[in-house]
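Okay, so here's the structure we're looking at.
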Amino acid sequence: MTPPAAFVASLAGFERMTTNRLSALLFHRSPEEAFAIATGTSALPEPFATLFAREPELAAVWRRSGARRPPDEQWQRCVAAGVAVVLAGDADYPAALLDDPRRPAALFVRGDLSALDARRVGIVGTRNATQRGRETAARFGYELAAEGVVVVSGLAKGIDGAAHRGALAVDAAKPVAVVGTGPDRPYPAQHAQLWEAVAARGALISEWPPGTAPDAFRFPLRNRILAALVEVLVVVESRERGGSLITAREAAERGVEVFAVPGSLQSRAASGTNQLLCDGAAPATETADLLMALGLDRRRAGRRRHDPRVVPSADDRPLIDACRSAPQTLETLSPRCGRTLVETAMAVARLEHAGWLRETAGWFETIDDWADLA
C-alpha cells in the first residue's frame, strides 16, 4: 500500500508547484486527494477550478509531472536517502512553524527533529566571507554548542559552513541546517561531508523532496524557515545585498531578536551588518551577547507552540469567518462583510500578509483552523 507521504513527495516536486499551491492542495485534504486533484483524476474544487481555468496549461503540466513522478518511486527515493516526510499535522512537525504565516506544508528531513527541543541560535552570513568572519562564525558556533545551544544555519559556503564546523567540534552538539535543495543533494558539493555530519548528529531540513536541484529561487524561500525556527539570529558578515539580510528581515517580522557583528567601514563584507546595526539590530561582539539574549525571552523555547501572528481586529474577523467556511473571492466577501470592494481588498491584503488568509487564483481561504482569539 502506498503511504500518504509518498503522494506528498511526488507533489512537492511537480513542475510549477509553489509552496502556496502545495499548502492549498493539502488544506483539509488527504495527500491522496490532493494528488488526484493535481493530476486531474478528481473533481476540481475551488480554488483549483479557477486556477486551471486561468492557467489552462498548468493542468497538462501537472498531469505530466504526476506521470513522471509516480508516488511509489518517490517514496522509495526518500527511503533510500534516509529522508522522512513530515507533514504540518504530524506530531514531530516543528512547533515553531505551526503558526507561521508561511509555514511549509511538508518538510523533508534527514536526522532527528528533536534537536529543535533545545535553545536555538541562527548564524548566517555571506558566502564571500573574510577569514576573520569565518573565524568569528566558527567561534560563535563552538561556544554556543558548548553551552548546549543548537546552532541553526544554511550550510552555504562562507559563514554558514564555518558556524556548523565550529558547532560540530563539540562532541555533544546537535546542529540543524535548513537547505535550499533536496536533502540528498549537497550544495555546494565541497560541503558533502559537512552535510553528512549535520544529518548524523542533528537534523537537515528542506521543503523540497530528494533530487531537487539548487535553483536560485529556492534559497530565499528557505530563509523564512530558518528565521522561524530560531530564537535569536546573528548575522556575522553580509554585503549590502544578500540572503542573510533576507533572513534578518524574515526574523524581524517574526519578532526574533536580530544581532549583527560590527565590521570595518572599509570592508564590503561588513556593509550589510553595519547597516543592520544602523537599522536597530543589536551588536554581537562575543558569544555572551547571544547567551544573554536567550535568557530574555523563552516563548519559543523547546517544543512550546508560539503564534507570531498579529491578532486580527474585530472588524477583520468576519472576513476570516467567511473564508473559513469556504473559499471566497473579493466579490463574494464584499457584500457579506458590508464593505466596499476597495475596503475588502485592503483588509484581505492585510490579513494575507499577517498570515491568516491564503490566496490562490483569486480565491481566499484561511491558512489553518481559526480558534477563539483573545
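The values are calculated or read from the model by the stated rules, or taken from the named source; none is laboratory data. The structure displayed is predicted, hence computed values, not measured ones. Positions of Cβ are generated from backbone atoms using ideal geometry, with glycine treated the same way; all protein chains shown enter the neighbour counts. Quick note on the areas: whole protein, heavy atoms, side chains included, nothing else; ligands and nucleic acids left out. Shrake-Rupley method; radii C 1.70, N 1.55, O 1.52, S 1.80 Å.
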To the nearest Å², the heavy-atom accessible area per residue of the chain with 1.4 Å probe amounts to 43 Å²
Tell me, what HN-Hα J-couplings in whole Hz come from the Karplus equation 6.51 cos²θ - 1.76 cosθ + 1.60 at θ = phi - 60° for each residue of the stretch 210-219, using x for Gly and Pro? x, x, 5, 6, x, 6, 4, 5, 6, 6
Computed helical MRE - 222 nm, the chain, DSSP H runs ≥ 4 contributing -39500 (n - 2.57), nearest 500: -13000 deg cm²/dmol
Computing the accessible area with a 1.4 Å probe over protein heavy atoms, can you report the carbon and sulfur percentage for the chain? 53 percent
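Among the DSSP beta bridges whose two residues both lie in the chain, what percent are antiparallel, rounded to the nearest 5?
Of those bridges, close to 40 percent are antiparallel.
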Round to the nearest 0.05 the FRET efficiency obtained for R336 and T285 when R0 = 51 Å and r is the Cβ-Cβ distance. 0.40
Which order do C337, C278, C323 take by accessible area at a 1.4 Å probe, largest first? C278, C337, C323
Full extension between E253 and D171 adds, at 0.36 nm per residue less the Cα distance, a length in nm of 26.1 nm
Rounded to the nearest Å, the spacing of the alpha-carbon centers of the stretch 40-57 and the stretch 58-107 is 21 Å
Model label zone, N128; criterion: amide N under 12 Å from point 7 Å along Cα-to-beta-carbon; scope the stretch 242-261: 242
